[in-house]
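Novice: Encoded as structure tokens, here's the structure I'll be asking about.
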Amino acid sequence: MKGDVLVSFDEVTKSFGNHIVMDHLSIQFFEGETHIICGRSGAGKSTLIRCINYLEKIDSGRLNFQDLEVNKKNAKEIRKRVSMVFQEFNLFPHLTILENVVLGPVDTLKEPKNKVEKRAMELFERVGLKEKIHHYPYQLSGGQKQRAAIVRALNMNPDLILFDEPTSALDPEMIGEVTEVIRGLVKEGRSMIIVTHEMNFALEASDKISFLAEGKILLTKPSKEFFQEPEYDTIRQFLRQILGTKKEDEEIKHE
Amino acid sequence: MEITFLDILNTLKKGALETIKILPLCMLFSLITGTILGAIQSKKIPVVKYLINAYIIVMRGIPPLLLMMVFFFALNINVPFFAAIIVLSIYHSGYITEIVRGGIEAIPKGQFEAAESLGLSNFKIMTKVIIPQIWYQVIPALAGQYIILIKDTALISVIGVREILWSGRQLMQLTFKPFQIFFLIGTFFYLICFTLQQISIWAEKSLKQKIVDSGGRT
């Protein structure tokens, strides 16, 4: 545990029709930690993090972010403190990437535009996009778009960043440039919750890994321990499949 | 006194100017009202949804000429110029409401979510993120609606607006040259509609590149 509790799920349930996504799920996320959520497709990983910034509403239980209960009334305040990076980037196509990044802090946090732009420029420089700030999203590659989306999240100066499969929509050769940026954020000690299938990245860059299955958190462990003989068959199978597939991909690449 | 071709052109010019004065105002008001109502309609607010639906159904179900007569004769709005602007704007904004609603609903859900996750208010999500993106999708339908609006301006002569068709009718009674006069009036309307079509094609192309060429992932 690095710091105070940032997010706490307490007996949370959530379902879509008959499909139960969270079944009395409880977990805590701590300040300064990089926490990876993994699990099979459809396990509810994305739903879990989307509940934190109220993009999804829980059915029952308690969900708190810092001192606030996550509900409609507090949604705006929570979104000022929690940023999100999406799988499909979701940059606004009619705005340049600089305008994309400036919109939130100016309109939501009411910060002066020149101050926000200055901060944005520093962030763009860090992720290697300084030359592209006046480009529109369609003029960028997938990796560049996702880096711009990360800058948009960072420019809100958030207490927590949620990553929803940030590399899943990228071509293999672009994954590295995005994970590199996230690794930089890990070094800074940012609080992050990341949904990903990139288990090598998870092992190297995270503090904790949780495995979600059948609406519950099956296991939460420090990253290094997570990979050492997990006691659940489901997790062993999942790791075999994920790491096996990666290995095959790499072999094909070498060939 | 003989009426020359130049006299005909001058008289039609006065009528055309009246049409040209009314047209942008109708376009603007119907667009503003249609966009506001379309944005509200996309939110599917219980009672409001039915009220706007009722308005759309009424506008779609009655001829604009009837509406014009209701406003001018029944409601006694005796200034033809204003009555024409009000009626044409109200009538066409009913259609534009549906065009805008369709455009908003075609925007990917992720765009709304990204804007929400930045903490933007509903108003700002619409005005800064969603509405600016719908134009590419709605331009062809909007241009089509505006072309109908342009042609509907010919109806306002009924309530006494001295627009181009009204001027043409006066000239015809003096010159007995209906073919030449109506040919000139037809050319006037055709040129305006053609110009609008060209502008819409250009606008659609330039917006398409920005919004669609990103392969759906933005």
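Just so it is clear, none of the values below were taken in a lab; they were calculated from the coordinates. Quantities reported herein were computed from a predicted structural model and do not represent experimental measurements. Heads up, the Cβs are rebuilt from the backbone with ideal geometry, glycines too, and the neighbour counts pull from every protein chain shown.
Novice: Would you please calculate the Kirkwood hydrodynamic radius of the protein assembly as shown over all C-alpha pairs and express it in Å, rounded to one decimal?
Specialist: 26.1 Å
Novice: Continuing with this model, one more query. Going highest first, how would you order A:37-48, A:90-101, A:207-218 by mean Cβ packing within 10 Å? Provide the component values of the computation, followed by the final result.
Specialist: Working: A:37-48: 21.3, A:90-101: 23.8, A:207-218: 19.6.
Top of the packing list down: A:90-101, A:37-48, A:207-218.
Novice: Over region B:32-76, what per residue volume does the convex hull of the Cα atoms give, in whole Å³?
Specialist: Residue-normalised Cα hull volume stands at 85 Å³.
Novice: Calculated FRET efficiency, A:K73 and A:E188, Cβ-Cβ r, R0 30 Å, to nearest 0.05?
Specialist: Computed FRET efficiency for A:K73 and A:E188: 0.40.
Novice: Span-like helices, chain A: DSSP H, alpha-carbon axial extent 24 Å or more, mean Kyte-Doolittle 1.6 or greater, which ones?
Specialist: Qualifying helices: none.
Novice: If neighbour count is taken as other Cβ atoms inside 10 Å, put A:V151, A:V127 in order from fewest to most.
Specialist: A:V127, A:V151
Novice: Among A:N114, A:N157, A:N74, which one shows the highest mean-square fluctuation when chain A is modelled as a Gaussian network with alpha-carbon springs under 10 Å?
Specialist: In this elastic network of chain A, the residue with the biggest mean-square fluctuation among A:N114, A:N157, A:N74 is A:N114.
Novice: Normalised by the empirical 2.2 N^0.38 Å for globular proteins, what value does the Cα Rg of chain A take?
Specialist: After normalising by residue count via 2.2 N^0.38 Å, the value is 1.01.
Novice: Another one. List the relative contact order of chain B as a percent without decimals, with contacts defined as Cα pairs under 8 Å and 6+ residues apart.
Specialist: After rounding, I find 29 percent.
Novice: Sort A:R81, A:R183 so that the residue with the fewest other Cβ atoms within 10 Å of its own Cβ comes first and the one with the most comes last.
Specialist: A:R183, A:R81
Novice: Also, quick follow-up: Quick check: Cα centre of region B:148-204 to Cα centre of region A:141-173, how many Å?
Specialist: Distance between centres, Cα-based: 54 Å.
Novice: Take chain B, mark every one of the trypsin sites (Lys or Arg not before Pro) that falls in a DSSP loop and has at most 13 other Cβ within 10 Å, then report the longest stretch left between them, sites excluded.
Specialist: Longest stretch, sites excluded: B:45-218.
Novice: Highest first, please rank the peptides B:138-149, B:175-186 by the mean number of other Cβ atoms sitting within 10 Å of their residues. Walk me through the numbers on the way to the answer.
Specialist: Working: B:138-149: 19.0, B:175-186: 14.5.
Sorting B:138-149, B:175-186 by mean packing, highest first, produces B:138-149, B:175-186.
Novice: What percent of all Cα-Cα pairs in region B:5-213 falls in each 10 Å bin, counting up from 0?
Specialist: 8, 29, 30, 20, 10, 3, 0
Novice: While we're looking at this one, here's another question. Would you mind giving the mean number of other chain beta-carbons within 10 Å of the Cβ of each residue in A:77-87, as a whole number?
Specialist: 3
Novice: May I ask you to derive the relative contact order of region B:48-134, considering only C-alpha pairs under 8 Å and at least 6 residues apart, and to give it as an integer percent?
Specialist: Across region B:48-134, relative contact order equals 27 percent.
Novice: So, one more: Taking one equal scatterer on every alpha-carbon of region A:2-46, how large is log10 of I(q)/I(0) by Debye at q = 0.17, 0.29, 0.31 1/Å?
Specialist: Calculated log10 I(q)/I(0) at the listed q: -0.57, -1.09, -1.13.
Novice: Between B:K14 and A:D10, with labels modelled 7 Å along Cα→Cβ, what's the label distance in nm to one decimal, could you check?
Specialist: Each label point lies 7 Å from its Cα, and together they span 8.1 nm.
Novice: Note down, for region B:111-153, the three equivalent ellipsoid semi-axes (square root of 5 times each alpha carbon gyration tensor eigenvalue), biggest first, whole angstrom.
Specialist: Value: 31, 10, 5 Å, ordered largest first.
Novice: Once the other residues with Cβ under 15 Å from the Cβ of B:F81 are scored (Lys, Arg +1; Asp, Glu -1), what is the net sum?
Specialist: Summing Lys and Arg as +1 and Asp and Glu as -1 gives +1.
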